[in-house]
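Heads up: the structure comes next, in structure tokens.
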Amino acid sequence: LLGGARVRTAAVPRRLVYLVDGSASIDPAQRAWFARRIASLERLRPPQMERAVAVFGADTRLAAPVSREPLDQPEAVARALERAAVTRTATNLETALLSVPSLLGSATSSAGLPAAPGASQAGRTAVILLSDGRETTGSAAGVLAAVRRLGIGLFPVPPPTFGKAAAVWNQLAVP
């Protein structure tokens, strides 16, 4: 009676999207690491949370549709990533991020009714971005505010560098 109870609430995403870089800058060892990482994260995902897997290069394709089924076998994840036929000659993070709402389908409320006007269908969506971040077209920095307004939480996960390379050359500018 002396003080009110303190109540904390946390916004838990309703959907999870693994957005995977399928461009030529990702080598086979990194692709295998992506598959293992997704499988390990899937073992931790709550069963009531929906997930989807998308691959991007110059364009973006759905590799595994929105589902609650676990995708916890690295071999199955690797096959799904390989089947997504994207143009691997470029990396367009801007298009990939802006395509997340369309990948999730139409907006509905938890009761199955259409979402309220102005409500984002992607609201409370977490995107795990598995990429080296080397974009060749578009500008991800230019759309980050729009992504935030859509209710999308973005969590980048860069792959480790494999092989004997001690350094990676991102760009060379010659006058």
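The values are calculated or read from the model by the stated rules, or taken from the named source; none is laboratory data. Please read all numbers here as calculations on a predicted model, not as lab measurements. No Cβ is skipped: glycine too gets one built from the backbone with ideal geometry, and neighbour counts run over all protein chains shown. Accessible surface areas use protein heavy atoms only, side chains included; no ligands, DNA or RNA. Shrake-Rupley method; radii C 1.70, N 1.55, O 1.52, S 1.80 Å.
Odds and ends about this structure:
- For LEU104, the conditions (1) closer than 15 Å to LEU130 by Cα; (2) open to solvent by less than 20 Å² (accessible area, probe 1.4 Å) all hold with the exception of (1).
- Of the residues making up the range 35-49, those that are part of a helix (DSSP H, G or I) and either more than 17 Å from the chain's Cα centre (by Cα) or of a type in the set (D, E, K, R) (or both) are ARG36, ARG37, GLU42, ARG43.
- Odd one out for THR161 among (1) in a helix (DSSP H, G or I); (2) modelled with pLDDT under 90; (3) surrounded by 14 or more Cβ atoms within 10 Å (Cβ to Cβ): (1)
- Close pairs from the range 53-64: first more than 10 Å from SER23 (Cα to Cα) and part of a strand (DSSP E or B), partner aromatic (Phe, Trp, Tyr) and open to solvent by less than 30 Å² (accessible area, probe 1.4 Å), Cβ under 7 Å, at least 6 apart: VAL53/TYR18
- Residues in the range 44-71 that are under 17 Å from PHE155 (Cβ atoms), open to solvent by 10 Å² or more (accessible area, probe 1.4 Å) and not acidic (Asp, Glu): 5 in all.
- Selection count, the range 72-81, where residues are of a type in the set (D, E, K, R), surrounded by 12 or more Cβ atoms within 10 Å (Cβ to Cβ) and touching a residue at least 24 places away in the same chain (Cβ under 8 Å): 1
- Meets criteria (at pLDDT 95 or above, surrounded by fewer than 19 Cβ atoms within 10 Å (Cβ to Cβ) and either out of contact with any Asp or Glu (no Cβ under 9 Å at 6 or more places or on another chain) or in a loop (DSSP other than H, G, I, E, B) (or both)) for ALA32: yes
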